[in-house]
Amino acid sequence: MDKIVVAGGPALQGEVRISGAKNAVLPILCATLLADGPVEIGNVPHLHDVLTTIKLLEGLGAGVVHDVDGARVTVDPCSVDSHVAPYELVRTMRASVLVLGPLLAKFGAAEVSLPGGCAIGARPVDLHIKALEALGAEITVEHGFIRARADRLRGGHVVFETISVGATENVLMAATLAEGTTLIDNAAREPEIVDLAECLIAMGADIRGAGTSRIEVRGVAALHAARHAVVADRIETGTFLVAAAITGGRVTATAARPETLGAVLDKLRQAGADVTIEGDAITLDMHGRRPRAVDIVTSPHPGFPTDMQAQMMALNCVAEGMGTIDETIFENRFMHVNELMRLGADIHIDGPRATVKGVARLSGAPVMATDLRASASLILAGLVAEGETTIDRIYHLDRGYEHIERKLSALGARIRRER
Ligand code: UD1
């Protein structure tokens, strides 16, 4: 199994090009099922989750051409002849549940394996189911499968009791082909929802309000072939900026979307970083200083993203002072804490709050990645730990970061992958 070995030390310097967003490309790939012709997607990151989604689409019968070097995927959904998303694929990637809405809207039937528990929390799919039922779907959950049927979905009023990114995406996709108008209230406002909506609009959908908490979708009879380029990954961007901040370095993230990172940039400035924006480039300069600890409360967009929580915790581990981190989205998203403590971090957990007291230095040790963003936090800590940190189980990392060790090496990090 692959491992990553990081040796602490150098302040990172240079430029890093940001890839397309994992959390945008996955729903967009699923949305291609809604079209009556091929959909070409550009700026596709090379990630394990993308390969899993392609497998899922091929399993449904879609024709997929993946041009890895050109970062392009073209999906032709015309040959789809199955509506079953099997356990073997859904189990490895929860986002597979995003084929539910498109399959149901386009083919009138969908069978999607329940994603089951996940390391970072229970993560049920009740909100997805309730929202699709509001559009007239008949849904049962039996033998570990969500079975959904509908002759044709009809517009409805969906009011989410809890904000959910995935459930908003599922019902948004389904509503594009429903008869009549759908109102989605308390919708998630993440930039990836806006990107999905833009792709759907390019396919002929009639959507207003994506990026706000009320989305209005007027159903159309059919969607057509289209092209769309995926938005930049704000979490990858944030991770590289924290890498610069934690090492006291200066890094410019190019091809980024600064406007999607407001809360993260605010916290980095509070930590003492100079952050400047020029077009699609963000430069973070720490001038060799030690960061100051910051307090963080995760919340839905535009709040501080839960997907950046572990990385900011790594920063707090070596910062001056004490910072609290409140995780309000997932109930079990502190699994990186024990691993960070193996590196010498001083962290105390009390329910959903972690209190981190910065230490002068961490010391390298073997650690284990437990989920995607936790893995990133361990690499970040390894960049400033004395000696070598070996991170095991990095398959989590390959699900969501494109060539992270190559990109970090180019910035001067001493990092390598061992097979
Ligand atoms: C997406 C992101 C993930 C991010 C998360 C929160 C993708 C592929 N993944 O996940 O990286 O961490 O948003 O920003 O985009 N919930 C329910 N019932 C449901 C659905 C969700 O109770 O039916 C709960 C979840 O357990 C969680 C909260 O709602 O506590 C938010 O989850 P949600 O926004 O749905 O996350 P995902 O879409 O799975």
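The values are calculated or read from the model by the stated rules, or taken from the named source; none is laboratory data. Note that the structure is a prediction, hence the values are computed from the model and not measured. Please note: Cβ atoms are built from the backbone with ideal geometry, for glycine as well, and neighbour counts cover all protein chains shown. In case anyone asks, the SASA skips ligands and DNA or RNA and just uses the protein heavy atoms, side chains included. Shrake-Rupley method; radii C 1.70, N 1.55, O 1.52, S 1.80 Å.
Show me the strands (runs of 3 or more DSSP E) entirely contained within the stretch 168-284 in which 2 or more residues are open to solvent by 10 Å² or more (accessible area, probe 1.4 Å) and closer than 24 Å to Gly358 by Cβ.
Working: elements: 181-185, 206-208, 214-218, 226-229, 250-254, 274-278.
Because the criterion is at least 2 residues that are open to solvent by 10 Å² or more (accessible area, probe 1.4 Å) and closer than 24 Å to Gly358 by Cβ, the strands (runs of 3 or more DSSP E) in the stretch 168-284 that meet it are 274-278.
Residues being at pLDDT 95 or above, assigned to a helix (DSSP H, G or I) and either open to solvent by 10 Å² or more (accessible area, probe 1.4 Å) or within 16 Å of the ligand (Cβ to nearest atom) (or both): count how many of those fall in the stretch 34-51.
The total comes to 2.
Cβ-Cβ under 9 Å, sequence separation 6+ or interchain: first residue in the stretch 293-306 and over 9 Å from Ile329 (Cα atoms), partner open to solvent by less than 50 Å² (accessible area, probe 1.4 Å) and among the aromatic types (Phe, Trp, Tyr). Which pairs?
Every condition considered, the pairs that remain are Ile296/Phe304; Val297/Phe304.
Look at the stretch 353-378 and say how many of its residues are touching a strand residue (DSSP E or B) at 6+ places or on another chain (Cβ under 6 Å) and modelled with pLDDT of 95 or more.
Residues flagged as touching a strand residue (DSSP E or B) at 6+ places or on another chain (Cβ under 6 Å) and modelled with pLDDT of 95 or more within the stretch 353-378 amount to 13.
Give just the number: which of (1) within 14 Å of the ligand (Cβ to nearest atom); (2) modelled with pLDDT of 95 or more does Leu315 not satisfy?
(1)
Mind checking whether some residue in the stretch 295-317 is surrounded by fewer than 22 Cβ atoms within 10 Å (Cβ to Cβ) and under 17 Å from Thr247 (Cα atoms)?
Looking through the stretch 295-317, none of the residues is surrounded by fewer than 22 Cβ atoms within 10 Å (Cβ to Cβ) and under 17 Å from Thr247 (Cα atoms).
Could you check the stretch 307-357 for strands (runs of 3 or more DSSP E) lying wholly inside it with 2 or more residues that are polar (S, T, N, Q)?
none
Which of the residues spanning the stretch 149-167 are open to solvent by less than 50 Å² (accessible area, probe 1.4 Å), under 23 Å from Ala188 (Cα atoms) and more than 13 Å from the ligand (Cβ to nearest atom)?
Leu153, Gly155, Gly156
I'd like to verify a number: residues in the stretch 137-148 that are open to solvent by 20 Å² or more (accessible area, probe 1.4 Å) and either touching a residue at least 12 places away in the same chain (Cβ under 8 Å) or within 14 Å of the ligand (Cβ to nearest atom) (or both), how many?
Total meeting the criteria: 6.
Given Ala31, Ala24, Ala62, which one is away from the ligand (no atom under 16 Å from the Cβ), crowded, with 19+ Cβ neighbours inside 10 Å and under 21 Å from Leu100 (Cα atoms)?
Only one candidate passes the filter, namely Ala62.
Does the stretch 70-88 contain at least one residue that is without any contact (Cβ under 8 Å) to a residue 24 or more places away in the chain and part of a helix (DSSP H, G or I)?
yes
Confirm whether Ala167 is touching a Leu at 6+ places or on another chain (Cβ under 7 Å), more than 19 Å from Leu196 (Cβ to Cβ) and modelled with pLDDT of 95 or more.
In short, no.
Exactly one condition in (1) within 16 Å of the ligand (Cβ to nearest atom); (2) within 18 Å of Asn23 (Cβ to Cβ); (3) in contact (Cβ under 8 Å) with a residue 40 or more places away in the chain is false for Ala256; which is it?
(1)
Can you tell me which residue within the stretch 103-136, out of those that are out of contact with any strand residue (DSSP E or B) (no Cβ under 8 Å at 6 or more places or on another chain) and more than 11 Å from the ligand (Cβ to nearest atom), is modelled with the lowest pLDDT?
Here the residue is Ala119.
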